[in-house]
Amino acid sequence: MLDVIRERAQGWLAKVILALITVPFALWGVDSYLRHGGDGAIVAKVDGQTISKQEFNLALRDQKERMRAVMKASFDPTLLDKPEIRQAILNNMIEQRLLAGGAVKAGLVVSDELLVRFVSEIPEFQENGKFSQSRYESLLRAQSMTPPAFEARLRQSLMIEQLVDGLTTSSLLSNAALDSFVRINEQQREVVQAMIYPEQFMPQIKVGMDEIKGYYEKHKEEFRVPEQARLEYVVLSVDDLTFQMTATEDEIKKYYGEHVAQFQEAEQRQASHILIPVAVKAGDAEKKAAREKAEKLFKEAKQSPGNFAELAKKNSQDPGSAANGGDLGFFARGAMVKPFEDAVFKMSAGEVVGPIQSDFGFHIIKLTGVKPGKARTLAEAKEEIGLELRKQKAAKRFAEMAETFSNMVYEQPDSLKPVAESLKLKIQTSPWIGKKGGDVALLNNAKLLQAVFSDEGVKLKRNTEAIEVRPNALVSARIVDFKPASYKPVEELSVELGGRLQRELADVQATKQGEMALAKLSQGKEVSELKWGAPIMISRQAAGTLGEAAVGAIFKADAGKLPVFTGVHDTKGGYLLIKVNRVVDSGHLDDAKKKGHAEKLRQLLMQEYYAAYVASLKQKADISIKNDQLEKVEH
């Protein structure tokens with residue numbers, strides 16, 4: 001419950017800022033903010049609006065950083081060399097242009113007043129709960145963005161959101177469609193299975209060296225060993241300098257005196273609650289019923305506060321806390337939605353209040369604990385202050401040394417020894433690493449690796465420039481040993497490839513055998529060598545170990561005349577034969593389950609309406625793509 005309330009209170013705004021800062025400049029009209037450089041090449045045109053090479057470069061760069069953040073060490077930058085990936089990114093940009101144009105044509109607007117309110121309420125732009133202009137500008141500057149560009153992007157994002165909401169929330173759901181959807185999703189089928197495995201055919205298959213060599217040539221890129229290098233490198237970082245700094249007793253006392261408010265711990269309160277949910281947009285009758293239920297529970301809780309936990313376990317519909325008797329733990333102000341928080345911080349320990357209405361519904365609340373705010377003593381804060389002072393001194397020293405570091409690695413490019421001796425830094429040596437990085441986290445920086453493996457870095461073994469691999473950490477590196485890209489020799493792989501090829505050929509045989517068996521079974525003939533398993537009941541929601549393809553085949557099989565046979569190639573190899581014995585349609589569904597199906601169907605319809613609308617925009621639009629520019633774009 002605590003996490004949910006936090007997310008509802010501020011999470012959506014956080015997503016707005018994060019999305020708008022990282023999403024490419026793909027919106028109609030925003031490209032004007034980008035025209036401060038570049039060669040003016042055009043990648044695509046959408047109804048006269050251009051998508052420039054510079055914009056596409058930014059989109060690729062942003063996509064690369066998002067992928068790197070998710071995939072970490074396994075990220076391969078060459079993924080973005082694939083034409084289908086580049087085309088997908090461009091398609092997304094085109095779609096955003098079309099949606100933005102559609103919003104304009106529909107007359108949708110976002111007023112300056114609303115825009116200001118949205119920006120001021122984004123937590124990332126606030127200090128002490130209030131909007132900070134300096135923080136706003138600083139955060140945007142860190143992302144190489146100006147306030148006008150961000151505000152234009154936000155305005156158009158909100159317009160698109162209005163457009164999409166209007167399309168998707170207007171979908172009508174007929175009872176007939178819902179009944180059909182429920183019947184299909186709740187239907188069960190009894191099946192038995194028989195598997196034809198590749199292993200049955202492997203002893204019959206012989207693979208020679210010529211076949212192995214042919215397979216090797218066909219799959220040669222799988223066995224490519226990328227170029228690798230061993231590096232020596234030097235690091236200048238605030239973290240390392242912090243360990244070299246000291247903080248005196250007098251400095252610590254002075255800091256404490258000047259920052260007393262910093263060491264005040266806020267009051268925290270522990271509460272339990274019973275939640276009776278009701279949507280903000282619910283009708284009056286639904287809200288009334290929820291309130292009446294909450295009032296009844298409040299009276300019970302008020303009469304027997306000691307039984308509050310049991311009452312919450314039985315009646316609360318908050319999945320995060322009900323099992324714990326409604327306990328939300330300790331929290332300070334700002335953690336919960338306002339109506340809930342206001343009530344909690346007015347209560348006395350042991351008091352029960354309710355019903356309190358929030359965006360989640362109605363709450364009955366019991367205050368179970370209070371931790372008063374208090375000031376930490378100098379002794380308690382001494383270690384923290386000492387570290388802060390050492391960090392400040394280290395940051396100052398780093399700023400003084402950074403220019404010298406950058407100049408020396410550039411001016412004396414053939415060795416790191418001069419900069420190491422001058423600034424008393426240690427020259428470190430890496431194990432073998434590739435273009436994707438290696439075991440040294442500090443060296444897994446895209447810009448650094450690009451510089452290391454550049455032509456100059458490989459051929460001349462020169463120092464890279466000073467590169468900031470993380471905030472307040474500079475690295476310069478040079479190659480000391482290099483292995484060019486190569487291929488593992490076929491002789492080394494002969495056993496592995498022979499086994500792989502043998503299994504692939506056996507899998508082909510198993511599939512052929514399975515398809516022949518299926519044909520006989522479908523004609524009513526017996527196939528005596530098959531070993532059928534025990535009957536099992538499956539549904540689309542509960543398919544056991546069956547894969548997606550098998551489930552699809554089972555529910556596509558014509559159940560008009562049972563038993564019916566079907567089969568699929570198994571993703572792990574072999575062929576799976578399936579016999580459908582009987583069909584069991586769903587009985588009466590409770591309202592909650594039917595409501596769940598209705599919501600699922602509504603989501604599917606919304607996706608269909610959205611896709612259809614975007615398709616219609618593309619059909620009517622004048623879209624031209626410069627494929628030569630798409631291929632030449634650097635990222």
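The values are calculated or read from the model by the stated rules, or taken from the named source; none is laboratory data. If you're wondering where the values come from, they're calculated on a predicted model, not measured in any experiment. Every residue, glycine as well, gets a Cβ built from its backbone with ideal geometry; the counts of neighbours run over all protein chains shown.
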Looking only at region 110-144, filter to residues that are assigned to a loop (DSSP other than H, G, I, E, B) and among the polar types (S, T, N, Q); which one of those is surrounded by the most Cβ atoms within 10 Å (Cβ to Cβ)? Ser132
How many residues, within region 298-326, are under 19 Å from Pro339 (Cα atoms), of a type outside the set (Gly, Ala, Ser) and in contact with a helix residue (DSSP H, G or I) (Cβ under 7 Å, 6 or more places away or on another chain)? 0
Residue ranges of strands (runs of 3 or more DSSP E) in region 271-381 with at least 2 members under 30 Å from Pro123 (Cβ atoms) and among the aliphatic types (A, V, I, L, M): 352-358, 361-371
Going through region 487-519 one residue at a time, which ones are among the β-branched types (Val, Ile, Thr) and within 39 Å of the chain's Cα centre (by Cα)? Val508, Thr511
Of the residues Ala266, Ala247, Ala261, Ala229, only one is surrounded by 18 or more Cβ atoms within 10 Å (Cβ to Cβ) and modelled with pLDDT under 95; which? Ala247
Consider only pairs whose beta carbons are under 6 Å apart and that are at least six residues apart or on different chains; among these, list those whose first residue lies in region 145-157 and is in the same structural domain as Arg135 (by TED's automatic domain parsing) and whose second residue is buried (at least 19 other Cβ atoms within 10 Å of the Cβ) and hydroxyl-bearing (Ser, Thr, Tyr). none
Gly354 vs. criteria buried (at least 19 other Cβ atoms within 10 Å of the Cβ), closer than 11 Å to Leu275 by Cα and not aliphatic (A, V, I, L, M): yes
Would you mind finding the one in Lys218, Lys213 that is surrounded by fewer than 13 Cβ atoms within 10 Å (Cβ to Cβ) and farther than 27 Å from Thr377 by Cα? Lys218
Which residues, counting only those in region 295-319, are over 21 Å from Ser348 (Cα atoms) and surrounded by 15 or more Cβ atoms within 10 Å (Cβ to Cβ)? Lys313, Asn315, Ser316, Asp318
Scanning region 38-71 for residues that are of a type in the set (A, V, I, L, M) and in a helix (DSSP H, G or I), the one surrounded by the most Cβ atoms within 10 Å (Cβ to Cβ) turns out to be Ala59
Helices (runs of 4 or more DSSP H) wholly inside region 447-560 that include at least 1 residues being modelled with pLDDT under 90 and in the same structural domain as Leu425 (by TED's automatic domain parsing): 455-460
Taking region 359-405 as the region of interest, how many residues are touching a helix residue (DSSP H, G or I) at 6+ places or on another chain (Cβ under 7 Å) and free of Cβ contacts under 8 Å to residues at least 24 places away in the same chain? 1
Any residue at all in region 506-519 that's at negative phi, surrounded by 13 or more Cβ atoms within 10 Å (Cβ to Cβ), basic (Lys, Arg) and touching a residue at least 24 places away in the same chain (Cβ under 8 Å)? no
